[in-house]
Amino acid sequence: MPAGIDLDRLVGRLDAIARHGALDGGGVRRLALSDADGAARDQFVAWCRAAQLQVRIDRIGNVLARRAGVEDQLPAVVIGSHLDSQVNAGRFDGALGVLVGLEILMTLNQSGVRTRHPIEVASWTDEEGARFNTGMLGSSTYIGRLDLDDALGRADPDDVRVRDALERIGYDGDAAVPGPPLRAYLELHIEQGSVLENAAIDVGVVDRSYPVCHLDVRFTGETAHPGSAPMERRRNALVGAARAIVAVDELIRDHGPDAKAGCGVISVWPNRSGIIPSRVGARFDFRHPETAEVRRIDAEIEKALHDAAAAASVEIEIVQRATYGGRPFHPGCVAALEHAAAARRIPTLRLATQAAHDATVIVDRYPAAMVFCPCRRGISHHPDEHVDPARIEASANVLMDAAVALAEGSDDL
Ligand SMILES: [Zn+2]
């Protein structure tokens, strides 16, 4: 086995990718399928080709770069994450996991390690959902959870479809989705929380994910003149939404510190001066580590939404309900990570991911697990997101050893 990854090379690549979509004063804005995302993809693909990896692009734009196995027809062990970012993001969320995957494959090449199963690095399309309002778009399509035509037809706020955005940046690939089966999927990500930092541990083995629920809600009232309409007869959809947003923020606090809920996106129609709005769309999200508690919260939120709508004399409809995560990560993958860490005498901590990731979707179909590395003060989705490079190395080496072990194995996981 190789001694370890080349940390300087990895950090150099992180710096190079962070230039694509760089914000003044640090951080990045690299929305999925934007010019910046396209340029970051081009750079990544060029590095993969230079490393003699076989690159393929699938029909939803996922990039997969393959290091052949001795028995190359066997399903691949895939290491991946995403290159797209939120609108006001840090440079590590996503990009770190993709570049660690590439770094691992380059390290294996240099060491001449052969594995039975192929190992691939994946850069999944649009994990964040910041542009097309659909998180984990590429990985969901890869595993067949999301239909390809549905995914390609999703639109951004300017009504640009995924299909056209992919074509524009040249990532409308031809590899089939759903993609070929995976032997295992491993993802390294920043924790986006403070558990590891507080425990002074560099490697978090993620063995489960919070179930995350999204409720897309429509409030319907009536347009009217904001001057002449009597207050008691108004049916202002925005008032209904506002009451609901505050009610959800208040009720979730009774469920303990592990419960999180909120609303971060609304659309208002007509959203003009001089007219009371008649339609508001809002997305609420909520999560808790225990599924039973999520159900209780769901019921409470639904009641709060109806009460808020009634108080504002508007109608309410839940138009879509989506759940991500909640499934434990695969014990075989978790064990591979812990064995790898033990062999290197690296202390680990088991924890849950509060955020959804490509891995929390992929585990619905294939064995998967994640490794977290600590990020400063848990800050993420903000330009101040920071990871001490020295604290990445242990996680990357553990991931490499676990990936090789899984790629060597002959048993079903
Ligand atoms: Zn991420």
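Largest to smallest in accessible area, the residues 106, 400 fall in the order 106, 400 (1.4 Å probe, all protein chains included). When the Cα positions of 117, 99, 135 are compared along the charge dipole of the range 47-150, 117 comes out farthest toward the positive end, with charges on each C-beta of Lys, Arg, Asp and Glu.
Restricting the calculation to Cα atoms, the range 193-284 yields a radius of gyration followed by a Dmax of 19.5, 63 Å.
Grab the eigenvalues of the alpha-carbon gyration tensor for the range 1-76, scale each by 5, take roots, and send me the semi-axes largest first in whole angstrom.
They are 27, 19, 9 Å, listed largest first.
Built from the Cα atoms of the range 58-164, the convex hull projects on average onto 7.4 nm², one quarter of its surface area.
For residue 393, neighbours were defined as the other residues whose beta-carbon sits under 11 Å from its Cβ, and their charges (Lys and Arg +1, Asp and Glu -1) total -3. Taking 270, 347, 118 in turn, the Gaussian network model of the chain (Cα-Cα springs below 10 Å) assigns the largest fluctuation to 270. Accessible area per residue for the chain is 42 Å², calculated with a 1.4 Å probe on protein heavy atoms, without ligands, DNA or RNA.
Summing charges over all other residues whose Cβ lies under 12 Å from the Cβ of residue 191, with Lys and Arg as +1 and Asp and Glu as -1, gives -1. Rolling a 1.4 Å probe across all protein chains gives residue 174 an accessible area of roughly 140 Å². Projected over all directions and averaged, the alpha-carbon convex hull of the chain occupies 20.4 nm². The range 67-124 gives an Rg/Rh value of 1.10, both radii derived from C-alpha positions and Rh following Kirkwood. Annotation: the range 1-129 has a Kirkwood hydrodynamic radius of 14.9 angstrom, from the mean reciprocal C-alpha pair distance.
Just to be sure I understand the curve: with the Debye formula and one point per C-alpha of the range 202-356, what is log10 I(q)/I(0) at q = 0.15, 0.16, 0.19 Å⁻¹? Debye curve over Cα of the range 202-356, log10 I(q)/I(0) at q = 0.15, 0.16, 0.19 Å⁻¹: -0.80, -0.86, -1.06. When the accessible area of the range 355-410 is computed with all protein chains present and a 1.4 Å probe, what percentage of it is carbon and sulfur? Carbon and sulfur: 46 percent of the exposed surface of the range 355-410. Ordering 5, 403, 18 by Cα displacement along the dipole of the chain toward the positive end leaves 18 in first place; charges were set at the Cβ atoms of Lys, Arg (+1) and Asp, Glu (-1).
When you restrict to C-alpha pairs under 8 Å that are six or more residues apart and normalise by the size of the chain, the relative contact order lands at 22 percent.
Between 311, 65, 39, the GNM of the chain built on Cα springs shorter than 10 angstrom shows 311 fluctuating the most.
Calculate the length of the line joining the C-alpha centroid of the range 390-413 to that of the range 324-383, in whole Å. Spelled out, the Cα-based centre of one part sits 12 Å from the other.
Calculated [222 nm] ellipticity per residue, helices only, for the chain: -10500 deg cm²/dmol; basis is -39500 (n - 2.57) per DSSP H run with n ≥ 4, divided by all residues, nearest 500. Relative to one another, the C-alpha centroids of the range 115-165 and the range 187-210 are positioned 25 Å apart. Rounded to the nearest 20 debye, the dipole size of the chain about its Cα centre is 220 debye, using +1 on the Cβ of Lys and Arg and -1 on the Cβ of Asp and Glu.
The values are calculated or read from the model by the stated rules, or taken from the named source; none is laboratory data. Predicted, not measured: the structure shown is a model, and the values here were computed from it. Glycine also receives a Cβ, built like all others from the backbone with ideal geometry; neighbour counts cover every protein chain displayed. Keep in mind that these areas ignore ligands, DNA and RNA; they rest on the heavy atoms of the full protein, side chains included. Shrake-Rupley method; radii C 1.70, N 1.55, O 1.52, S 1.80 Å.
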